[in-house]
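What follows is calculated from the coordinates using simple rules that are stated; it is not laboratory data. Owing to the predicted nature of the structure, the values given are computational and were not obtained by experimental measurement.
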Amino acid sequence: MTGYFSAALCSAVAALISFVPAAAAAECPRKDALGTSRVLAVDPASFPRVGLKSFPQTLPLADREVVLTFDDGPWPATDRKILAALAQECVHATFFLIGRNAAAHPDLVRRMAAEGHTVAHHSFAHPNLKYMKPEAATADIEKGIAAVEAALHGTASTTPTTPFFRFPYFESTPATLETLQKRGIAVFGADLWASDWIPMTPAQQLKLLTERLQAARKGIILLHDPKSQTAAMLPAFLRYLRDNHYRVVHLVPAGAKNRVRQSTLVH
Ligand SMILES: [Zn+2]
C-alpha cells in the first residue's frame with residue numbers, strides 16, 4: 001500500500017466515524033468520578049467485525065482508551081451491583097444480552113437503556129452457533145434480537161435498535177458473519193478478556209485484568225455481568241482506571257448520536 005493511498009484510506013475511515021462530544025460535566029454528581037471521556041458512534045458498514053481476539057480489525061481507540069462490554073445478562077443478582085458501580089463512576093458500558101434473559105427481566109433491560117448504557121445482542125439461548133445449520137443459527141440470533149427489542153420497546157422486532165452482535169463463545173461461521181454483514185449488524189469480538197468464566201477471587205480477578213490491560217494499554221474489554229467475582233471487583237477496577245489515567249469510551253450505533261441524552265464527563 002502506498003503512503004498516499006494509506007493516508008487517503010485513513011482520512012476516509014476517519015470521516016466515517018463520528019465523534020460525539022462529551023456532555024456537560026454537571027450530569028455527573030461526583031467531581032472525582034472516572035466519567036465517560038467520549039462517545040464513539042460505530043457504523044457497521046465501516047466496522048463490520050471488530051476485536052483483535054477474533055478479527056484483524058478493531059475500533060480506533062487511542063492509547064489508554066478502553067471500552068467496557070458485559071456479556072450474558074441481564075442478571076438481576078449481579079446487575080444491581082454492576083449498574084451501581086457504573087453509575088457511581090459515571091461511565092457507560094455496552095451490554096450484550098441473551099434474549100431469554102431479557103425476556104425474563106425486561107425491567108432490567110429498560111433500566112440499562114434508561115441509565116445510558118448501550119444494549120446489544122448475544123443470541124437467544126446462548127448456543128454454540130458454529131455447530132448449528134446456518135438457518136438455525138440465524139433463527140436463534142433473530143429470536144434473541146426480538147426478545148431484547150420487545151423488552152426495550154414493548155414490540156418484538158428482528159431489526160435491532162443497536163446493530164451490535166457478539167457470538168456466544170466467539171464461535172462464528174463465514175455464512176453467519178456474511179448474513180450479519182448484509183443486515184448491517186456489526187460483530188463484536190474483544191481485544192482483551194477478563195477470563196472471568198474461570199472461578200477466582202475478586203482480588204485475583206482484578207489483578208489478572210489490570211495486568212492484561214497494562215500489557216494491551218487499550219481496547220474492548222470483555223466482562224460477564226452475571227459473574228459475582230466480576231461484580232465484586234468492578235468498583236476497584238473502575239478506580240484503577242481512573243487512578244491510572246485510562247479513559248472510558250462509550251459505543252453507540254452510528255446515527256444514534258442524537259438519541260444519546262445521558263452522557264459523559266471529561267476528567
Ligand atoms: Zn456469552
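Of the DSSP beta bridges with both residues in the chain, give the percent that are antiparallel, rounding to the nearest 5.
Numbers: 3 of 31 bridges.
Within the chain, antiparallel bridges account for around 10 percent of the total.
The coefficient of translational diffusion for segment 108-159, derived via Stokes-Einstein from the alpha carbon Kirkwood radius under 25 °C and 0.890 mPa s, stands at 212 µm²/s. The string of couplings for segment 221-231 from the Karplus curve (6.51, -1.76, 1.60, θ = phi - 60°) is 9, 9, 10, 10, 5, x, 7, 5, 5, 6, 4 Hz, one whole number per residue in order, with x for Gly and Pro. Projection of the Cα convex hull of the chain, averaged over all directions and equal to a quarter of that hull's surface, yields 14.0 nm².
What the phi angles of segment 29-39 give under the Karplus curve with 6.51, -1.76 and 1.60, with θ = phi - 60°, is a coupling list of x, 9, 5, 9, 6, 4, x, 8, 7, 7, 10 Hz, glycine and proline written as x.
Extension gain R111-K182, at 0.36 nm per residue separation less the Cα-Cα distance, in nm? Kindly include the intermediate steps, with their values, before the conclusion.
Details: separation 71, 0.36 × 71 = 25.56 nm, distance 3.05 nm.
So the extension gain works out to 22.5 nm.
The radius of gyration of the Cα set in segment 46-85, together with its Dmax, comes out at 14.0, 37 angstrom.
Across all directions, the shadow cast by the convex hull of segment 84-178 built on its C-alpha atoms averages 6.1 square nanometres. For S157 and E135, the difference between the fully extended length at 0.36 nm per residue and the C-alpha to C-alpha distance is 6.1 nm.
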